[in-house]
Amino acid sequence: MKRIILLSVFFLSPAMAQDRLKEAIFHRYDRNGDEVVSSSELPDAATRAKFDRDGDGDVTLAEYRETVGIKAEPGESNPGEKNAAAVKRLDAYVKEADKDGDGRLSKAETGGAEWFARIDRNKNGFIDATEVETVRGLVKRFGDRILPSAPEETVSEEEIAKITSGPEILKPGDVGIGRKVEDFSFKGLVGRTHQLSEVRDHKAVVFAMTSATCPVSKRLLPALADLQPELARQGIPLVLVNSFSSESVEQIKEQLESVSFEGTYVHDTDLSVAKALDATTTTEVFLIDSRQTLHYRGALNDQYGIDYSIDAPRVNYLEEAVAAFLEGIAPTIAATAAPGCELDLGERKGEAVGDLITYHRDVSRILQRNCVQCHHDGGIAPFALDDFEEVSDRARVIKRVVDEGTMPPWFAAPAKDGENPWANDHSLSTQEKETLLAWLESKDQPVGDPADAPLPLSFPDEWTMGEPDLVVPISKAYEIKATGFMPYQRDVVETTLTEDKWVTGYEILPSERDVVHHVIVQVFEKGATVRDRGEATGYWAAYVPGNGAVRYPEGFARKFPAGAKVHFQIHYTPSGTAKKERLKMGLHFADSPPQYEVKTIGVADRRLNIPPGAESHVESTTRGVPFDIPALGFMAHMHVRGKAFTYELIHPDGTTEMLLDIPRYDFNWQLRYELKEPKMLPKGSQVKVTGVFDNSEKNKANPDPGKTVKWGDQTYDEMLIGYVEYFVPVGEGEKVAAAE
């Protein structure tokens, strides 16, 4: 059995179907590999009888499969042909690796492969002909029915619900709980003017800050709309307050119609309500009684935040505060932080900068260069940043994300030698950051002369790279619920091209951009079993918001086989409104074969074991480099517990070189880090990937700090994969397939 498992190094995808895991039990007892479990291999007659369908005392593999419900895989009716292909790949690998032609493989010839010691059974430092023949015999017999080295685990909905992320609990006295809120006036969207003091005619009033564009606000709006009639029945009106003057009345009305909200809505364009409440974000709610006393302020519930979400709230802070108030007692939790988009109430730091820096001459240009590509009307970002009013509304939001370095999204640490190796570095330059922050922190934020502004950008309605030669849509539209959690969707599409094509560029285009978190695409040969590979092996194409189109340099392309099967792994995230989504991929073909074929390989650690509560747990794995590989770029993949990630190159002489350092990994932005010049990974070296995981309560995105976390597909599991994008000369790609 152990000999079978080690072969996964050569041939197996890490993502295997559940029926293969069931079959592991059979092969554990079938010691001689003849596909029959005899009485000598399993003496327990009662256990054998459960599977012995013909009553002859032995259990065949076919009997076992029939009993436990394992379906035959496509192509298994002729396993000899499939197994022969596996043997051919093994022989090609041995021939390529045996550089000195002595009929055996040294560890250096295998590129320092981690599996070397397991095949070198006699421990003589070589994989000799006898050991290779043993492996060949097993492959010939079992082919693709070889078990994975680390089974995937399934997680129940009950486990998913064990969520501990949520807003910070605040000290009530620090945020004014118990104070009298001074009277103020506000005007509803329909035109009627109200006073806070009118609350004396009710038991209390709830003010809820909101926005038509802030992602967290949008997700919470359905819950607020559902809560409004219940509060009304309790004698408590609900007032929604939008303090973004840049959001139009049409946007607001469209949003309200989508949730059938019937309460009062205030478009607080002069910030008078926000200032009177001292509101901090677009999600903060306030419970004020008939004497104008503040009883609660903070989050509506713990379901959504800037960097986390769960399927359903564990704590409904406002509802619990209302229940306590109606009972005449203080709420258990009277104040929390309210994760959302920050509000700028004009309390800015610093001195006026006069004519030194203006919006039109300086700031709008920085934003256009770094932000507006996503932040424009109809763009993938939740709001636009292409006029003064929109930027002024969000001054504090912009300041925070610029200070944090989360926007523009770029997380690679600067190289120690000062050289920037990255072709697609999205970070602000030092001068851009200083200029932008100086203006944001100034008291008057000078507008300047509109004549100094750059010409506006134009944006295509659909494809950014022009009309593709082939469009591959997913097989159906997926129902995306308004709130909560959605598991990964896996969609397979069979194409009908009659000849191989070379793809010089691709674009993945969601139909509903605000619900697509990321997409991993794999391409399979015609007739291949899709489950033969998994995301740990590599990817053919990838999408993250703002990074879904790739065009390769002249002479480079990816191969798209005739009749290819395309596998889409899609991570959907509900956005507050139920939708149907059907993304598509556009391909651009070369007129003739390229000089180089682009490929991707994965360096994956499937044996993750992250203990409960660990704040900085380190996991790492290496993969040998069997021949000189010119790397084009890298992409790191972990889930919500991911904290930091590094790629290192261990040279044959043992020296180590940092390839990519991501000191603050962000699951929301799984970027491709493209090199300006290819980096040669020499034969005999090893690529080492290291991940740091935060499985503690301090990680607000953590689904369950009390769980030991293993490898798994869903975001409540974890992964550690380092993707390496590289190229090989066209016509010489078989040696890579053999090594994989």
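Nothing in this text is a laboratory measurement; each read-out follows from the coordinates by a stated rule. Just so it is clear, the model here is predicted, and its values are computed rather than measured. Every residue, glycine as well, gets a Cβ built from its backbone with ideal geometry; the counts of neighbours run over all protein chains shown.
How high is the FRET efficiency between Glu479 and Glu168 when r is their beta carbon distance and R₀ equals 25 Å, given to the nearest 0.05?
Efficiency computed from Cβ-Cβ geometry: 0.15.
Determine the distance separating the Cα centre of region 503-577 from the Cα centre of region 375-445; give it in Å without decimals.
Answer, in whole Å: 28.
So if I take the centroid of the Cα atoms in region 293-316 and the same for region 609-640, what is the distance between those two points in Å?
Answer, in whole Å: 34.
Determine how many Å³ per residue the convex hull of the Cα atoms of region 161-326 encloses.
Enclosed volume per residue, from the Cα hull, is 114 Å³.
Using 20 Å as the Cα-Cα cut-off, could you pick out the over-long pairs in Lys643/Lys698; Lys643/Lys700; Lys253/Lys580; Lys218/Lys579?
Table pairs above 20 Å Cα-Cα are Lys253/Lys580.
Could you compute the FRET efficiency for Val249 and Ser38, with r as their C-beta to C-beta distance and R0 at 51 Å, rounded to 0.05?
0.05
Okay, which of region 658-673 sit inside 17 Å, backbone N to the point 7 Å along the Cα-Cβ direction of Asp307?
Within reach of a label on Asp307, which here means backbone N under 17 Å from a point 7 Å along Cα→Cβ, region 658-673 contributes 662-671.
Which residues does a label at Glu419 reach in region 616-647, if reach means a backbone N under 20 Å from a point 7 Å past the Cα toward the Cβ?
Backbone N within reach: 629-634, 647.
Just to confirm a number: summing +1 for Lys and Arg and -1 for Asp and Glu over residues other than Glu182 whose beta-carbon lies under 12 angstrom from that of Glu182, what do you get?
That works out to +1.
Could you derive backbone 3J(HN,Hα) for region 239-250 from the dihedral phi with the Karplus parameters 6.51, -1.76 and 1.60 (θ = phi - 60°), listing whole Hz in sequence and x where the residue is Gly or Pro?
Calculated HN-Hα couplings, in order: 10, 8, 10, 10, 9, 9, 5, 6, 7, 7, 4, 5 Hz.
Please work out the Kirkwood hydrodynamic radius for region 460-594, using every pair of different C-alpha atoms, and report it in angstroms with one decimal place.
About 15.5 Å for region 460-594.
Once you have the Cα-Cα distance between Tyr488 and Asn122, take 0.36 nm times their residue separation minus that, and quote the gain in nm to one decimal. Mind dumping the intermediate values first?
Working: separation 366, 0.36 × 366 = 131.76 nm, distance 4.44 nm.
Net length gain for the segment: 127.3 nm.
Which order do the peptides 614-626, 426-438 come out in when sorted by mean C-beta neighbours inside 10 angstrom, highest first?
Averaged packing, sorted descending, gives the order 614-626, 426-438.
Which far-off residues, 5 or more places away or on another chain, put their amide H under 5 Å from the one on Arg104, with H placed in the peptide plane?
Placed amide hydrogens put nothing under 5 Å from Arg104.
If all Cα-Cα distances of region 234-293 are sorted into 10 Å bins from 0 onward, what percent lands in each bin, rounded to whole numbers?
19, 51, 28, 3
Counting pairs on different chains as well as pairs 8 or more places apart, how many Lys pairs in region 374-517 have Cα atoms under 25 Å apart?
Taking region 374-517 as the scope, the lysine pair count is 5.
Quickly rank 573-583, 228-238 as a protection proxy: mean count of other C-beta atoms within 10 Å, highest first.
With the highest mean Cβ count within 10 Å placed first, the list reads 573-583, 228-238.
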